[in-house]
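K.L.:
I have a structure I would like to understand better, so I am pasting it below and will then ask my questions one at a time.
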Amino acid sequence: MAVDDDCLVEALNENAGHYLKKGRLIESGHTPFQAYEVWDTPQFGRLFRLDGYFMTSEGDEFFYHENLIHVPCIAHDAPRRALIIGGGDGGSADELFKYPTMDRVTLVELDAKVVDIARQHLPRVHNGALDD
């Protein structure tokens, strides 16, 4: 596939980057903090971008959230409380709730629109964790 107007592109530097077929734009706009896009892509399903950078998608979110959460949690006997700074897509909270000893998860997100987008468009990323 040629990288053209049918592709979402994220440049890593002048020599490399990521690209994938766009699919359908579901929602886009600006908040006081950033520009956002939600796409329905053939490869990853729902995909969320901020300022042109890939944030998360239904198809590969586990690569990020599982490593971010389970590595520190398995180093602790019985995690009971956690603070997530950022993480408005809810994927990290979802992983934390898998620990039966977890009593409280506090999620702090600068941009409320990120949480709104996740609730509306990314239920397969947070699996209801944002409604707990």
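K.L.:
Just the residues that are touching a Leu at 6+ places or on another chain (Cβ under 7 Å), within 25 Å of residue 40 (Cα to Cα) and open to solvent by 20 Å² or more (accessible area, probe 1.4 Å), please, taken from segment 90-132.
P.N.:
Across segment 90-132, the qualifying residues are 115, 119.
K.L.:
Of the conditions (1) touching a strand residue (DSSP E or B) at 6+ places or on another chain (Cβ under 9 Å); (2) within 27 Å of residue 12 (Cα to Cα); (3) modelled with pLDDT of 95 or more; (4) not polar (S, T, N, Q), residue 64 satisfies every one except a single condition; which number is it?
P.N.:
Answer for residue 64: the failing condition is (3).
K.L.:
Give the residue that is nearest to the chain's Cα centre (by Cα), with candidates limited to residues of segment 111-128 that are closer than 18 Å to residue 37 by Cβ and either outside any helix (DSSP H, G or I) or aromatic (Phe, Trp, Tyr) (or both).
P.N.:
Among those residues, the one meeting the criterion is 122.
K.L.:
Further, regarding this structure: Condition first: touching a Lys or Arg at 6+ places or on another chain (Cβ under 8 Å), buried (at least 16 other Cβ atoms within 10 Å of the Cβ) and not in a loop (DSSP other than H, G, I, E, B). Now tell me which residues in segment 34-60 satisfy that. Spell out how you get there, then give the answer.
P.N.:
So the first thing to find is which residues in segment 34-60 are touching a Lys or Arg at 6+ places or on another chain (Cβ under 8 Å), and the list is 36-43, 45-46, 55, 57-58.
The next check asks that each one be buried (at least 16 other Cβ atoms within 10 Å of the Cβ); those that pass are 36-39, 41, 45-46, 55, 57-58.
Within segment 34-60, 36, 37, 38, 39, 41, 45, 46, 55, 57 qualify.
K.L.:
Being more than 19 Å from the chain's Cα centre (by Cα), modelled with pLDDT of 95 or more and not hydrophobic (A, V, I, L, M, F, W, C) narrows it down to one residue among 42, 79; which is it?
P.N.:
Working: 42 fails: more than 19 Å from the chain's Cα centre (by Cα).
Exactly one of 42, 79 is more than 19 Å from the chain's Cα centre (by Cα), modelled with pLDDT of 95 or more and not hydrophobic (A, V, I, L, M, F, W, C), namely 79.
K.L.:
Can you tell me which residue in segment 24-33 is farthest from residue 120 (Cα to Cα), limited to those that are open to solvent by less than 50 Å² (accessible area, probe 1.4 Å) and not acidic (Asp, Glu)?
P.N.:
Start the filter on segment 24-33 by keeping residues that are open to solvent by less than 50 Å² (accessible area, probe 1.4 Å), which leaves 26-27, 29, 31.
From what is left, the residues that are not acidic (Asp, Glu) are 26, 29, 31.
Numbers: 26: 11, 29: 15, 31: 16 Å.
Result: 31.
K.L.:
Further question on the same structure: What number of residues within segment 1-11 satisfy the criterion of being within 23 Å of residue 87 (Cβ to Cβ) and either among the polar types (S, T, N, Q) or surrounded by fewer than 17 Cβ atoms within 10 Å (Cβ to Cβ) (or both)?
P.N.:
1
K.L.:
Also: Within segment 70-85, is even one residue open to solvent by 40 Å² or more (accessible area, probe 1.4 Å) and touching a helix residue (DSSP H, G or I) at 6+ places or on another chain (Cβ under 6 Å)?
P.N.:
No, segment 70-85 contains no residue that is open to solvent by 40 Å² or more (accessible area, probe 1.4 Å) and touching a helix residue (DSSP H, G or I) at 6+ places or on another chain (Cβ under 6 Å).
K.L.:
Does residue 9 satisfy the condition of being under 18 Å from the mean Cα position of the chain (by Cα), among the β-branched types (Val, Ile, Thr) and modelled with pLDDT under 95? First the steps, then the outcome.
P.N.:
Numbers: under 18 Å from the mean Cα position of the chain (by Cα): yes; among the β-branched types (Val, Ile, Thr): yes; modelled with pLDDT under 95: yes.
When the stated conditions are applied, residue 9 passes them.
The values are calculated or read from the model by the stated rules, or taken from the named source; none is laboratory data. The structure displayed is predicted, hence computed values, not measured ones. Glycine gets a Cβ as well: all are built from the backbone with ideal geometry, and neighbour counts include every protein chain shown. Side chains included, ligands, DNA and RNA excluded: accessible areas come from the protein's heavy atoms. Shrake-Rupley method; radii C 1.70, N 1.55, O 1.52, S 1.80 Å.
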